[in-house]
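Here is the structure we will look at.
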Amino acid sequence: FLSNLEQTDYYNKTITPQFAADREQVSKLLMEGKGFYEAGRYDLAMKRYEQVLLIDRYNSAARAGMEQVTQQ
């Protein structure tokens with residue numbers, strides 16, 4: 001097992017525990033944003049998408065959600 005961990009192509013070393021936690025938080029916020037959008041609560045949806053961008057500033061789903069809210 002230890003020899004596998006030392007190989008460069010065995011697993012993705014960029015996925016840290018913090019990255020995994022951030023990914024979970026982003027997924028939760030995106031679902032909340034979509035729920036608020038579908039409920040017509042556009043201000044709260046926009047807030048959730050902004051929170052996603054604070055964690056991952058390149059998140060295309062959050063940007064698309066913000067665009068959808070803005071068009072409404």
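A compact table of results
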{"quantity": "Per-residue SASA entry for I55, accessible area with 1.4 Å probe, Å² rounded to 10", "calculated": "70 Å²"}
{"quantity": "Total formal charge among the other residues, if their Cβ is under 12 angstrom from that of Q68, Lys/Arg +1 and Asp/Glu -1", "calculated": "0"}
{"quantity": "Environment charge at R57 (Cβ cut-off 14 Å; Lys +1, Arg +1, Asp -1, Glu -1)", "calculated": "-2"}
{"quantity": "Residue order for Y37, Y58 - accessible surface, 1.4 angstrom probe, largest first", "calculated": "Y58, Y37"}
{"quantity": "Heavy atoms of E24: accessible area, 1.4 Å probe, square angstrom to 10", "calculated": "140 Å²"}
{"quantity": "Contour minus Cα-Cα distance for A20 and L44 (0.36 nm per residue)", "calculated": "6.2 nm"}
{"quantity": "Listed residues F36, F19 arranged by accessible area, highest first, probe 1.4 Å", "calculated": "F19, F36"}
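The values are calculated or read from the model by the stated rules, or taken from the named source; none is laboratory data. Not measured: the values here are computed from a predicted model. Virtual Cβ from ideal backbone geometry, glycine too; neighbours counted across all protein chains shown. Surface areas here come from the heavy atoms of the whole protein model, side chains and all, with no ligands, DNA or RNA. Shrake-Rupley method; radii C 1.70, N 1.55, O 1.52, S 1.80 Å.
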